[in-house]
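The values are calculated or read from the model by the stated rules, or taken from the named source; none is laboratory data. From a predicted model like this one, the values you see are computed outputs, not experimental measurements. Reconstructed Cβ throughout: ideal geometry from the backbone, glycine too, with neighbour counts over all protein chains shown.
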Amino acid sequence: MPLNIPILLTWLRVAMIPLVVGVYYLPEAWLPMHTKNVTAASFFVIAAVTDWLDGFLARRWNQTSAFGAFLDPVADKLMVTAALLSLLALGRVADLIALIIIGREITISALREWMAQIGASKSVAVNFLGKLKTTVQMIAIPLLLFNDALFGVDASLLGGWMIYLAAVLTLWSMFYYMKLAWPQIRERSEVISGARTQK
C-alpha cells in the first residue's frame with residue numbers, strides 16, 4: 001500500500017467519520033446541541049476540503065495510485081452516508097431523500113465494479129453531472145448539520161432545499177450512468193441467454 005500525503009489526507013477523511021457522528025452522542029452537559037452542530041459541520045467541511053485537496057495533490061505531484069483511486073470514493077461515500085444517517089436520526093432530512101442518495105451510491109458503485117470486470121469502466125467514468133451532484137451534497141450536508149443562522153441566512157432552510165436538489169441530481173446522474181451502461185448490460189444478457197439456449 002503506497003503512503004503519501006494524498007493518501008494520508010484520504011485516511012484523515014475516513015478517521016473523521018466517527019467524529020462527525022460521535023459528537024452527537026456526547027451528553028448535553030458536556031456539549032450543548034449548538035456546539036455539537038458547529039463541531040459536526042466543521043468536521044464535515046474539513047473532510048470535504050481534503051476530498052478536493054488529495055486529488056489535486058495526487059495529480060500535481062504525480063502520486064496517483066490504484067489504491068488511492070479505490071480509497072478516495074470509498075471515503076467519500078462513507079462520509080456522506082454517515083452524515084446522512086446522523087441527520088436522519090436528528091430529523092433534519094427525510095427518509096426518502098436519504099434512501100435516494102445512499103441507494104444511488106450503492107447502485108452506481110456496483111455498476112462501476114461490474115463494468116470494470118468486463119473492461120468497460122470508462123463508459124461510466126465520473127462526469128460533470130456526477131461532480132455537480134457531489135458539490136451540491138457537500139454544501140447541503142454541513143448546512144443541515146449546522147442547523148442555525150449563518151451570515152443572516154437560515155442554514156437549515158437553505159440546506160433543506162439543497163438536499164432536495166441533490167436528490168434530484170442524484171436520480172438524474174444515476175439514470176444517466178445506467179443509460180451509458182445499458183448497451184453493455186443488454187449485450188452481456190444476450191450472450192448469456194444465447195449460451196443457455198445452445199445448451
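Observations
- Taken over the range 137-166, residues that are more than 11 Å from F44 (Cβ to Cβ), among the polar types (S, T, N, Q) and surrounded by 21 or more Cβ atoms within 10 Å (Cβ to Cβ) amount to 1.
- Residue list for the range 32-70, restricted to those being surrounded by 16 or more Cβ atoms within 10 Å (Cβ to Cβ) and farther than 30 Å from I5 by Cβ: K36, N37
- Residue count for the range 1-25, restricted to those that are surrounded by 19 or more Cβ atoms within 10 Å (Cβ to Cβ), over 15 Å from D54 (Cβ atoms) and over 16 Å from the mean Cα position of the chain (by Cα): 1
- When we screen S173, S193 for residues that are of a type outside the set (A, V, I, L, M, F, W, C), within 23 Å of I101 (Cβ to Cβ) and either in contact with a Gly (Cβ under 8 Å, 6 or more places away or on another chain) or at pLDDT below 85 (or both), the only hit is S173.
- Residue match in the range 52-71 (condition: touching a residue at least 24 places away in the same chain (Cβ under 8 Å), under 24 Å from L165 (Cα atoms) and not β-branched (V, I, T)): no
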